[in-house]
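Here is the structure we will look at.
The values are calculated or read from the model by the stated rules, or taken from the named source; none is laboratory data. What you are looking at is a predicted structure, and each value in this text was computed from that prediction instead of being measured. Ideal geometry is used to build each Cβ from the backbone, glycine not excepted, and the neighbour counts take in all protein chains shown. Just the protein is used for accessible areas: all its heavy atoms, side chains included, with ligands, DNA and RNA removed. Shrake-Rupley method; radii C 1.70, N 1.55, O 1.52, S 1.80 Å.
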Amino acid sequence: MSLKDEAFEAVQARLQELGWYAGKIDGATGPLSETAVSDFKRAHGLNPRAFIGPITLTRLFDPEAEARPKPKPAAIGGLPWLAEAERLKGTKEVAGKGNNRIIMDWAENLDQGYTGDDVAWCGLFVAHCMKIGAPLDPQSFNRLGAREWLKFGRAVDPQRGAILVFWRGSKNGWQGHVGFYAGEDAHAYHVLGGNQSDAVTVARIAKNRLLGARWPKSFSTSGERVTVNAGGKVISTNEA
């Protein structure tokens, strides 16, 4: 970023108007603002880095600038990491030798070693969303390891926006899966996560696979349980 606070407030306001930014209009740079700028530039064929120059400004304030669908209001509700997760629904890994540049950018922006989107990326997805939504909470563990997210923040009961950590394969093994609580039915949690059928989707995961729920220390808990209909969705047995 290279603009002064006052000028950057106008940039934030314009990005918010177009649906790319869901944070505060305060002129302060940070992960949420930087990601909004990068995503806007990528969608408009520009080099997707956070630097704002004259070409970016021209595109941004062009009346024909591309808007994007805004996150669902219920997902924002004071939980910016959940809004970011909602925004990324449908993001898919690339089959074969290629990589989805969006997924690779998450790793680069986190300074996280990551060889390609054929490597499990549920933890990387959560790391990106939490860095955007709760940047003050450290991620001082192996973020690519799903079970490692049991070390993040503080333990809570399952609730809207909580990080849910599950065992996979065997409860006493090392494999796992991690995503965000989006709702629940009688038998399963509805999990908004990455690397679910190779994409960011909502999957039903059996409640008896839950190892724990975590919450960032810098935010108050939502305390909200969301009951949803199973909708004929089968329960996932392997998110790899």
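Could you pull out the residue among ASP185, ASP157 that is within 23 Å of TRP81 (Cα to Cα), open to solvent by less than 60 Å² (accessible area, probe 1.4 Å) and either without any contact (Cβ under 8 Å) to a residue 60 or more places away in the chain or touching a helix residue (DSSP H, G or I) at 6+ places or on another chain (Cβ under 9 Å) (or both)?
Numbers: ASP157 fails: open to solvent by less than 60 Å² (accessible area, probe 1.4 Å).
Matching residue, one of ASP185, ASP157: ASP185.
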If you take the residues in region 197-232 that are in contact with a His (Cβ under 8 Å, 6 or more places away or on another chain) and either more than 17 Å from ASP157 (Cα to Cα) or in a strand (DSSP E or B) (or both), which one is modelled with the lowest pLDDT? ALA230
With region 1-120 as the region, which helices (runs of 4 or more DSSP H) entirely inside it contain at least 3 residues that are open to solvent by less than 50 Å² (accessible area, probe 1.4 Å), at pLDDT 85 or above and touching a strand residue (DSSP E or B) at 6+ places or on another chain (Cβ under 9 Å)? 80-87
Every residue from region 222-240 that is touching a strand residue (DSSP E or B) at 6+ places or on another chain (Cβ under 6 Å) and either open to solvent by 60 Å² or more (accessible area, probe 1.4 Å) or among the acidic types (Asp, Glu) (or both): LYS233, ILE235, GLU239
Would a scan of region 136-144 turn up a residue that is modelled with pLDDT of 95 or more and buried (at least 22 other Cβ atoms within 10 Å of the Cβ)? yes
Would you check if there is a residue in region 184-205 being among the polar types (S, T, N, Q), in contact with a Ser or Thr (Cβ under 8 Å, 6 or more places away or on another chain) and within 23 Å of THR91 (Cα to Cα)? yes
